[in-house]
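Engineer: Below you'll find the structure I mean.
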Amino acid sequence: MANCSGRLDDLLAFAVGGGVLSPGDLRFLLELERPEELRKLYAAAYRVKLDCIDNRVRLRGLIEISNICRKNCYYCGIRSGNTRVPRFRMTRREILDAARHAIDFHYGSVVLQGGERNDPAFADFIEETLREIKALPGGDLGITLSLGEQSEEVYRRWFEAGAHRYLLRIEASNPALYAKLHPSDHSYAERVAALRLLRGVGYQVGTGVMIGLPYQTVDDLVGDLEFFRELDVDMIGMGPYITHHDTPLGREFPTFGSDAERQLELGLKMIAAARLLLRNVNIASTTALQALAPDGRERGLLAGANVIMPNIGELAYRNGYLLYENKPGTDENAETARRNLENAIAGIGESIAYDEWGDSRHFAVRTGKKSRE
Ligand code: SF4
């Protein structure tokens, strides 16, 4: 035990000082279980967050614009094969109203997230909507998109219309694991290619994975962290896997991950390891953490995350966007959610960076371009 603790202290001091962790080091960190060791891990990651960024939380008002998706991922509640979910799409006016909420609440940024569609009408709709959001009086919002795989031309049009960050989760960076989680016509290679296209167009690029999946090993998670580093991503959005029973994966493994605290802990370890490895990237403390524990998002911040995405979309649609079950926030209106969030963040000694875009510091460093943090 003494040796293990000595190795942990040395490793954390090395990482806090800017040393690059090896795959073996990352595996060691992800396998930690004793509460005292976990406390040290999270504290070291928090130290790096303070050194490389600060303790102010960047907000993105999340607008879930539609649950219509052409894909059929085996784990996802809004997969095209799920006929039990009523489908919705927000109108442009509704999206603009939500963006106005973000301005009124001084969030600084929004995320437009939705199922994947690649028909020309959708590309046009998003392009025009982006232009109208950018033209809203009283606010110059930063815009992140999370709308799946698109052509380079579409990515470019949306970029030119005002989006400047894009989140495209790889979900599982091991191609063999990816193949177990997706139908055969969902191409791993195309997804990776899309991430490269986004970078070429000029976006701040984010990706992420599900943590604690059936079939997933610790080495897969180590590989995920290495994947983020090799791709030199600017943002990470990852969260614990939560079963949705109306999906093939949920039916095959109905009780998988039912130890909520263990799933949460694995998610926090991944956040901490990502912060130690990648240092100045933006890392989201996702809603999936909060689904596992009421204070899950705050614990994500204390483990090294620095971004939160409160939902500001229309409450009426919220229950239609259940990617997994027991998703929190589906009965809160945006104002209540904002107040609760502000209190929770103050409770852990952090504050909110209101009216800021919260761009990735990593992007500014890697490109030498000016960004708006
Ligand atoms: S995970 Fe994304 S791409 Fe896959 S079915 Fe769900 S919304 Fe569609």
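The values are calculated or read from the model by the stated rules, or taken from the named source; none is laboratory data. Computed from a predicted model, the values in this text were never measured in an experiment. Heads up, the Cβs are rebuilt from the backbone with ideal geometry, glycines too, and the neighbour counts pull from every protein chain shown.
Engineer: Take ALA274 and decide whether it is touching a strand residue (DSSP E or B) at 6+ places or on another chain (Cβ under 6 Å), under 19 Å from CYS52 (Cβ atoms) and in a loop (DSSP other than H, G, I, E, B).
Structural biologist: Here the answer is no, as ALA274 does not meet what is asked.
Engineer: Among the candidates GLU160, GLU171, which residue alone is acidic (Asp, Glu) and within 27 Å of LEU289 (Cα to Cα)?
Structural biologist: Among GLU160, GLU171, only GLU171 is acidic (Asp, Glu) and within 27 Å of LEU289 (Cα to Cα).
Engineer: On to the next question. In this structure, is CYS76 under 28 Å from GLU252 (Cα atoms), surrounded by 23 or more Cβ atoms within 10 Å (Cβ to Cβ) and either modelled with pLDDT of 95 or more or within 16 Å of the ligand (Cβ to nearest atom) (or both)?
Structural biologist: yes
Engineer: Okay, next question. Considering only residues that are of a type in the set (Asp, Glu) and within 15 Å of the ligand (Cβ to nearest atom), look in the range 132-180 and name the one that is nearest to ILE308 (Cα to Cα).
Structural biologist: So, considering only residues that are of a type in the set (Asp, Glu) and within 15 Å of the ligand (Cβ to nearest atom), the one nearest to ILE308 (Cα to Cα) is GLU171.
Engineer: Looking at the range 338-373, which of the residues that are part of a loop (DSSP other than H, G, I, E, B) and touching an Asp or Glu at 6+ places or on another chain (Cβ under 6 Å) is surrounded by the most Cβ atoms within 10 Å (Cβ to Cβ)?
Structural biologist: SER360
Engineer: Testing THR129 on (1) among the β-branched types (Val, Ile, Thr); (2) within 30 Å of ALA273 (Cβ to Cβ); (3) more than 22 Å from the chain's Cα centre (by Cα), one condition comes back false. Which one is that?
Structural biologist: Evaluating THR129 over (1) among the β-branched types (Val, Ile, Thr); (2) within 30 Å of ALA273 (Cβ to Cβ); (3) more than 22 Å from the chain's Cα centre (by Cα) leaves (2) as the failure.
Engineer: Still on this structure: Among what's in the range 251-285 and is of a type in the set (D, E, K, R) and within 25 Å of GLY77 (Cβ to Cβ), pick the residue that is surrounded by the most Cβ atoms within 10 Å (Cβ to Cβ).
Structural biologist: GLU265
Engineer: Only one of ASP124, ASP140 is at pLDDT below 95 and either surrounded by fewer than 23 Cβ atoms within 10 Å (Cβ to Cβ) or not in a loop (DSSP other than H, G, I, E, B) (or both); which?
Structural biologist: ASP140
Engineer: Next question, about the same structure. From the list ALA163, ALA98, which one is under 14 Å from ARG60 (Cα atoms), touching a strand residue (DSSP E or B) at 6+ places or on another chain (Cβ under 7 Å) and modelled with pLDDT under 95?
Structural biologist: After ruling out the rest, the residue left standing is ALA98.
Engineer: A further question on this structure: What is the residue count in the range 63-97 for residues that are farther than 20 Å from VAL110 by Cα and of a type in the set (Lys, Arg)?
Structural biologist: Counting residues in the range 63-97 that are farther than 20 Å from VAL110 by Cα and of a type in the set (Lys, Arg) gives 5.
Engineer: Between a first residue in the range 33-44 that is modelled with pLDDT of 95 or more and a second residue that is among the basic types (Lys, Arg) and surrounded by 12 or more Cβ atoms within 10 Å (Cβ to Cβ), which pairs have beta carbons less than 9 Å apart while being 6 or more apart in sequence or on different chains?
Structural biologist: If the second residue must be among the basic types (Lys, Arg) and surrounded by 12 or more Cβ atoms within 10 Å (Cβ to Cβ), the pairs left are LEU38/LYS269; LEU41/LYS269; TYR42/LYS269; TYR42/ARG299; ALA44/ARG275.
Engineer: If you go through the range 334-363 one residue at a time, how many are within 16 Å of LEU141 (Cα to Cα) and among the small types (Gly, Ala, Ser)?
Structural biologist: 3
Engineer: Of the conditions (1) more than 16 Å from the ligand (Cβ to nearest atom); (2) surrounded by fewer than 19 Cβ atoms within 10 Å (Cβ to Cβ); (3) not charged (D, E, K, R), THR129 satisfies every one except a single condition; which number is it?
Structural biologist: (2)
Engineer: What residue, among those in the range 181-223 that are charged (D, E, K, R) and either more than 16 Å from the ligand (Cβ to nearest atom) or in contact with a helix residue (DSSP H, G or I) (Cβ under 9 Å, 6 or more places away or on another chain) (or both), is farthest from LEU277 (Cα to Cα)?
Structural biologist: Here the answer is ARG191.
Engineer: Please enumerate the residues belonging to the range 65-86 that are of a type in the set (D, E, K, R) and under 23 Å from the mean Cα position of the chain (by Cα).
Structural biologist: If the condition is that a residue be of a type in the set (D, E, K, R) and under 23 Å from the mean Cα position of the chain (by Cα), then ARG70, LYS71, ARG79 are the ones that fit.
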